[in-house]
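Colleague: Handing you a structure now.
The values are calculated or read from the model by the stated rules, or taken from the named source; none is laboratory data. Computed from a predicted structure; not experimentally measured. When we count neighbours, we look across all protein chains shown, and the Cβ atoms used for this are built from the backbone with ideal geometry, even at glycine. Ligands, DNA and RNA are excluded from the accessible area calculation, which covers all protein heavy atoms including side chains. Shrake-Rupley method; radii C 1.70, N 1.55, O 1.52, S 1.80 Å.
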Amino acid sequence: MAAQKPMLTEFVWDPRYQVSDIADVLTPALLLYPEILATNIDRTVELLGANPDRWRPHIKTAKLGYTLRMLVARGIRNFKCATTLELLVACQCGAADVLLAYPSVGRNALRVREIAAQFPNVRISVLAENEEQLRQWRGSSVGIFLDINPGMDRTGIDQNNADSVVELARASAAKNLDFRGLHYYDGQYGGLAEPERTAQAHAGYHRLLNLVKDLERSGVPVPEVITAGTPTFPSSLSYEGFRNAKFIHRISPGTVAYCDASSLAQLPNLRGHRPAVLVLTRVVSQPRGNVVTCDAGHKAVSADAGVPTCVVVGHPELTPLAPSEEHLPLSIKEGAAAPEIGEPLFLLPRHICPTVNNFDQALLVRDAAVTSIEEVSARGHESPLISTTQKIVSVRR
C-alpha cells in the first residue's frame, strides 16, 4: 500500500477569497475563483517551457465546462479523462485530442466509438493492455495507447514485461489500429517525500525509456509518451531522458489547475500556484465546549484521502475531525475562541478532484462578488441506458 499523501495543516487567509454577498449563499457551496485559476494554468504552462502542447491535463479535476474552455483558450488542446461523460464534455468544449485513460470494455467501448463518430475532428484515444481490448477497436478511428503498469498495480502491462509490450504494439499495427504511444501513470509515489519521490520516479522513467528502445528496435515507432500526475510533475520535468527525445513527451497533472491541501504540501516549490476552489460552509452546532460542527460532511468535502478531509482557511485553531455524511466536527484548540453558530468558514479540501464531483454547480467569485453559476458538467457518469434518440445529444442538465 502506498504511503498516505502529506497535506497542509493550515492555510492563511487571503482577502481574494472573500465573498461579499455571502448571506445569500446556501451552504455547503463550491466556490471557484477564475483569476486564481487562470494564474495556476499560466504558471503551469510556464513550467513546461511556455509550451501548452506539452500538457495533457487530466480533467477528472476540472469537471466544469467553464474550466475546460479556459484551458482551451490558453492553448491547451490535449486532455486525459476517465469517463465517457468527461470525454463528451471535453469534445464539446473545444478539445483537439482526448485520451480516455481508463479501460473501456463492453457497452462503454461502444459508447466511445459513438462519441468518436459524433466528433470526427477530435482525435480520441483509449488505453489497451491485452489483445481482447485491441479487438474491440478494429474498424474505428480510435487511437491506442498501451497502458504501462509502473508498479502502482491498478491497470496496465508490467513495465518489466517488455516482450508483452512489443507483442501488443505489433498486434495493434497488424489490426490497422492507430498506435499512439505509451501511457505511464506513476501515482504510487505521492506519499514519498523528496528527494526519494524523484529518485523512484526517475528509476521508473529509465525502465520506460528501455521499453521505448525495445519497441523501436522491433520496428514500432513510439509517437508519444505520457507520464506523471501532480505529485511527480516536477520529477518528469527534471528527467533528462525526456529532453530532446524522438517522441512527444506530455505530462498529465490535473490537480495543479485548482490545487488542494495535498498538492500544495507535496509540491512546496510550485511558486505562484494557489487554491482556486474552496468549499463554503457554516457552523451549525457546538455539541461541546471544544467542538463545533459545520455543514460540510463527506457528501461535500471528500473523505477518500483520509482525515482530516480539509483545512479551515485562516483558522489554524480549528482541526477537522472525522466527518459523517452531512456533518463535519471541528476541534477547537485549547484557549481559542469558538466560532459563532452561523459563522461562515472556508475549507481547502485535502483532495479536490472528488470534492468538485460532489457538487452540481460552482459559484464563480470575482472581486468578492458571485458573478455567475456554472454547472459541474462532467460530474458523475452518463445515464447507464442511452436510447437511440439520446446518443447524439448534448451534456445532460
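Colleague: Identify the chymotrypsin sites (Phe, Trp or Tyr not before Pro) of segment 1-43 meeting these criteria: DSSP loop state and at most 12 other C-beta atoms within 10 Å of the C-beta. If you can, show how the numbers build up before the last one.
Modeller: On the way: sites: 11, 13, 17; in loops: 11, 13.
Answer in residue order: 13.
Colleague: Based on alpha-carbon centroids, what's the gap between segment 286-303 and segment 155-231 in Å, whole number please?
Modeller: Comparing the Cα centres of segment 286-303 and segment 155-231, I get a distance of 43 Å.
Colleague: Quick one: accessible area per residue over the chain, 1.4 Å probe, rounded to a whole number of Å²?
Modeller: Values: 16880 Å² over 397 residues.
About 43 Å² of surface per residue is accessible.
Colleague: Near the amide H of residue 311, under 5 Å away, which other amide H atoms are found, from residues 5 or more places off or on another chain, if H is placed in the peptide plane?
Modeller: Those qualifying (amide H under 5 Å, at least 5 residues apart or on another chain) are 348, 350.
Colleague: Okay, moving on. Using helices alone, what [θ] at 222 nm do you get for the chain, with -39,500 (n - 2.57) per DSSP H run of 4 or more residues, divided over all residues and rounded to the nearest 500? Intermediate results must be reported in sequence, preceding the final value.
Modeller: Values: 10 runs with 103 residues, N = 397.
So the helix-based figure for the chain works out to -7500 deg cm²/dmol.
Colleague: Follow-up question, since we're still on this one. In nm, give the distance between the simple-model label positions of residue 369 and residue 26, each being 7 Å from the Cα along the Cα-to-Cβ direction.
Modeller: 2.4
Colleague: Moving on. Over the chain, with a Gaussian network built from C-alpha contacts below 10 Å, which listed residue (64, 385, 127) shows the highest mean-square fluctuation?
Modeller: 385
Colleague: Once phi is turned into ³J(HN,Hα) by the Karplus curve 6.51 cos²θ - 1.76 cosθ + 1.60 with θ = phi - 60°, what whole-Hz value does each residue of segment 171-176 show in order, with x for glycine and proline?
Modeller: Karplus-based 3J(HN,Hα) across segment 171-176 equals 5, 4, 5, 5, 8, 6 Hz.
Colleague: Please report the relative contact order for the chain, taking Cα pairs under 8 Å with a sequence separation of at least 6, and give it as a percent rounded to a whole number.
Modeller: It rounds to 23 percent for the chain.
Colleague: Compute the angle between helix 106-118 and the longest alpha-carbon principal axis of the chain, please, reported from 0 to 90 degrees and rounded to the nearest 10.
Modeller: 90
Colleague: Shifting gears a bit: For a paramagnetic label modelled at 7 Å from the Cα of residue 214 toward its Cβ, which residues of segment 169-196 fall within the zone defined by backbone nitrogen distances under 12 Å?
Modeller: 169
Colleague: Provide the per-residue ³J(HN,Hα) series for segment 44-60, in order, calculated from phi with Karplus coefficients 6.51, -1.76, 1.60 and θ = phi - 60°, each as a whole number of Hz, with x at glycine and proline positions.
Modeller: Running phi through 6.51 cos²θ - 1.76 cosθ + 1.60 with θ = phi - 60° gives 5, 5, 4, 5, 8, x, 6, 10, x, 5, 7, 9, 10, x, 7, 8, 5 Hz.
Colleague: Cα-Cα over 19 Å: which of 213/246; 63/299; 60/299; 5/333? Don't jump to the answer; show the numbers that get you there.
Modeller: Details: 213/246 11 Å; 63/299 17 Å; 60/299 17 Å; 5/333 24 Å.
Distance filter (> 19 Å) returns 5/333.
Colleague: Could you check the simple spin-label distance between residue 51 and residue 203, using points 7 Å along Cα→Cβ, in nm with one decimal?
Modeller: Going by the 7 Å Cα→Cβ label model, 2.9 nm.
Colleague: Under the rule of at least 5 residues apart or a separate chain, name every residue whose amide H is placed under 5 Å from the amide H of residue 178.
Modeller: Amide H neighbours of residue 178: 144.
Colleague: Something else now. Hey, what do the phi angles of segment 219-226 turn into as Karplus ³J(HN,Hα) couplings, whole Hz, using 6.51/-1.76/1.60 and θ = phi - 60°, x for Gly and Pro?
Modeller: My calculation for segment 219-226 gives x, 10, x, 10, x, 9, 10, 10 Hz in order.
Colleague: Right, next: Once amide H atoms are placed 1.01 Å from N in the peptide plane, what residues at a sequence separation of 5 or more from residue 186, or on another chain, have their amide H within under 5 Å of its amide H?
Modeller: Amide H neighbours of residue 186, under 5 Å, 5+ apart: 228, 229.
Colleague: Once the Cβ-Cβ distance between residue 340 and residue 174 is put in as r, and R0 is 56 Å, what FRET efficiency do you end up with, to the nearest 0.05? Mind dumping the intermediate values first?
Modeller: Values: r = 69 Å, r/R0 = 1.24.
Computed FRET efficiency for residue 340 and residue 174: 0.20.
Colleague: Considering the chain as a Gaussian network with a 10 Å cut-off on Cα pairs, which listed residue, 223, 275, 15, attains the greatest mean-square fluctuation?
Modeller: 15
Colleague: Return the carbon/sulfur percentage of the accessible area of segment 198-296, one whole number, probe 1.4 Å, all protein chains in place. Before the final figure, lay out the partial values.
Modeller: On the way: 1760 of 3540 Å².
Carbon and sulfur together cover 50 percent of it.
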